[in-house]
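Please see the structure below; I have some questions.
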Amino acid sequence: MSTRDRIIAAATAMMHEGAPRLSVRAVAARADVGASTLRHHFPTQRDLINAALTATYDSAMPDERIRDTSVPPRERLRECIWRLLEPFGAPAEARELWTNLLRMFAEAEADTSTRAGYAVLMAEAERRVGAWLAILEEEGALPRGDNARRTDLLLTIVDGLSIARAMPLSEMHLENEVATLSLAVDAVFDVDFPLRPMP
């Protein structure tokens, strides 16, 4: 593993553990590198946070499945979106992850830089889902339409399902998640999302 990758792995692990902030000193110590070495690879804390968030999405949302045309397009999209829920795991894991996310990004004392990390996280999710939809459009499997609205629908469903997983109301929650996600994917394919006119 390269020095840069070690730093990113350390920062990503600290984020998953709910570290209140990614200080240069703490991440450098975790990666077993000097602070100046970390600064060489990531001149600002924002650069470090962005790289860690992007790495998290790269591992959580691999793109290769969406291109497998031997699988029906709805199933491909459903499987890719389902991967967004994997970090939430079982109910206890989902509760812990949401607690950590809220502690990092939503508490009143969170600084501007930390809160900006949430915007990066959301932008990366939107970019990935939008790319999946564009791939399906290009192959003719998905009617052309407003992919920003489609992306918003799918990510809103994922947010809701992840919160419901943290506080399941029945033992059937996984079956219910699959059914709800399938309905959302069907809506993406079947509901008209007309392109909005250019301003």
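Tally Lys and Arg at +1 and Asp and Glu at -1 over the other residues with C-beta under 12 Å from the C-beta of ARG74: what net charge comes out?
-2
Provide the per-residue ³J(HN,Hα) series for the stretch 80-85, in order, calculated from phi with Karplus coefficients 6.51, -1.76, 1.60 and θ = phi - 60°, each as a whole number of Hz, with x at glycine and proline positions.
5, 5, 4, 4, 5, 8
PHE193's amide H: which non-local residues (gap 5+, or another chain) put their own amide H closer than 5 Å, with H modeled 1.01 Å from N in plane and none for Pro or chain starts?
Counting only residues 5 or more places away or on other chains, the set is ASP146.
Assuming R0 = 22 Å, can you tell me the calculated FRET efficiency for the pair ASP192 and ARG65, based on Cβ-Cβ distance, to the nearest 0.05?
After rounding, the FRET efficiency stands at 0.25.
Every number in this text was worked out from the coordinates using simple rules, so none of it is lab data. This structure is a prediction, so every number in the text was calculated from the model and none was measured. Cβ coordinates were reconstructed from backbone atoms using ideal geometry, including for glycine residues, and neighbour counts include every protein chain displayed.
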